Ligand code: NDP
């Protein structure tokens, strides 16, 4: 494999640092072009120094002087703000890791897609809010979108070499999160610390809360629809608490293919990094004999209403998925700041979504407008609750 040029959007986060870990183990295979972060200047500058990156971008412009100072004596240029993020996404590297959290990642992802890059997509919120626009743009520019989310990466691997017309359905597995066995009454009292304590995966705060509400699986349902082009009724969700089977594809002849591995994001990230080849990872090897058992159960829509909410957003289309995502981002942030309770998150999401227009967005600017409006509605609902 020739040396691949790579940039990481969201280099200081959980997916970003796992990507850096793999790249730094294989300096002969990867050349880092650009790294970005929102506010964590120290970690950004440190990673840029270690990897000899050419560009480091901080979203918060007030932090640019600090970044510049930390990069003194290197050949790495420091930049800040939205235009610089777009430059990091579209310029220089052929392979881009999209690992910004939330809808904030949408514009940089679109810049990479419009430039025809290979985009390793962790930032599921961009597909949830602008899936059709993104896949159309990729078809126009020739960009490849490689799924990094472990479930979608598993499906991508299972589909390889098969005809789309031979697929019967997709089965997304879900760990069930830290509250899988909890009652609604117990969930009502849960704190942010309890909600971020995922039993199998170590992840950023937002996706950890999404796993506790199971909104993460709801977002993944919409993500799967856009990535693989299947309707909602052909995408099932199955709870699998051990997180060993990462997802499955059922074919028309009744065969089911699954991808398995230890719950370590470096496996799907490595798959995208080396694609279409493979590379070594330090991830723990699966010891199936050592695992007592693998279990599966149907999801409980009563205790986890996020699944139904996401499915109805996907089926309603229009602005509903954007409203669902925006309200969820606002409500999760409020829960993390202890402004609302755990069960309030879904209430805010469902109520915001109910007011969404049936008109689909025609441009990324439309998506951003709908997102902004939905955030304002969700914020208003939360202030009414507090009053
Ligand atoms: P983290 O919160 O750990 O990291 C987020 C990254 O994005 C950080 O580098 C952060 O910078 C940057 N960032 C945050 N807000 C902005 C903004 N407004 N503008 C620019 N950059 C920003 O998130 P994760 O790594 O957990 O998740 C990233 C994405 O990957 C999410 O969409 C998530 O759903 C998805 N994903 C994550 C998995 C995981 O295992 N963590 C698994 C599958 C998917 P700073 O550090 O400065 O705040």
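Derivation of every value follows stated rules applied to the coordinates shown; laboratory data play no part. Everything numeric here is computed off the predicted structure, so don't read it as measured data. Using ideal geometry, Cβ is built from the backbone for each residue, glycine included, and neighbour counts are taken over all protein chains shown.
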Distance (nanometres) between label positions extended 7 Å along Cα→Cβ at residue 296 and residue 2: 4.3
Computed, not fitted: 222 nm per-residue ellipticity of the chain from DSSP H runs ≥ 4 (each -39500 (n - 2.57)), nearest 500, equal to -14000 deg cm²/dmol
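Which whole-number percent gives the relative contact order of the chain, counting Cα pairs below 8 Å spaced six or more residues apart? Show your work: numbers first, answer last.
Working: 743 pairs, mean separation 53.2, N = 387.
Reported relative contact order: 14 percent.
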So what's the gap between the Cα centers of segment 305-348 and segment 19-63, to the nearest angstrom? 32
I need the shape label for segment 195-312. Rule: rounded when a/c is under 1.5, else prolate if a/b > b/c, else oblate, with a, b, c from the alpha carbon gyration tensor. rounded
With a 10 Å radius around each residue's Cβ, average the other Cβ atoms per peptide and rank 167-175, 20-28, highest first. 167-175, 20-28
Inter-label distance, nm, simple model (7 Å from Cα along the C-beta direction), residue 132/residue 49: 4.9
By the Cα gyration tensor axes a ≥ b ≥ c (a/c under 1.5 gives rounded; else a/b larger than b/c gives prolate, otherwise oblate), the shape of the chain is rounded
Order by neighbour count: 380, 271, fewest other Cβ atoms within 10 Å first, most last. 380, 271
I want to make sure I understand the PRE zone here: with the label point 7 angstrom from the Cα of residue 194 toward its beta carbon, which residues in segment 321-338 have backbone N atoms less than 15 Å away? 336, 338
So for the pair residue 280, residue 181, with labels modelled 7 Å out along Cα→Cβ, what separation do we get in nm? 4.0
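Please work out the FRET efficiency for the pair residue 234 and residue 66, using the Cβ-Cβ distance as r and a Förster radius of 45 Å; give the result to the nearest 0.05. Present the calculation step by step, with values, prior to reporting the outcome.
Details: r = 50 Å, r/R0 = 1.10.
Efficiency at R0 = 45 Å is approximately 0.35.
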Say a paramagnetic label sat at a point 7 Å from the Cα of residue 362, along Cα to Cβ; which residues of segment 129-157 have their backbone N under 20 Å from it? 129-138, 140
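How would you order 56-62, 69-75, 308-314 from highest to lowest mean count of nearby Cβ atoms within 10 Å?
Numbers: 56-62: 20.0, 69-75: 12.9, 308-314: 21.9.
Highest-to-lowest ranking by the protection proxy: 308-314, 56-62, 69-75.
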Pick from 263, 164, 299 the residue whose mean-square fluctuation is largest in a GNM of the chain, springs joining Cα atoms under 10 Å. 164
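Arrange the following residues from fewest to most other Cβ atoms within 10 Å of their Cβ: 296, 251. All intermediate terms of the calculation are to be shown ahead of the outcome.
Values: 296 12, 251 16.
Ordered from fewest to most neighbouring Cβ atoms within 10 Å, 296, 251 come out as 296, 251.
Taking 0.36 nm per residue of sequence separation and subtracting the Cα-Cα distance, how much length would be gained by fully extending the chain between residue 82 and residue 39, in nm to one decimal? Working shown, then result.
Values: separation 43, 0.36 × 43 = 15.48 nm, distance 1.30 nm.
Between residue 82 and residue 39, full extension yields 14.2 nm more.
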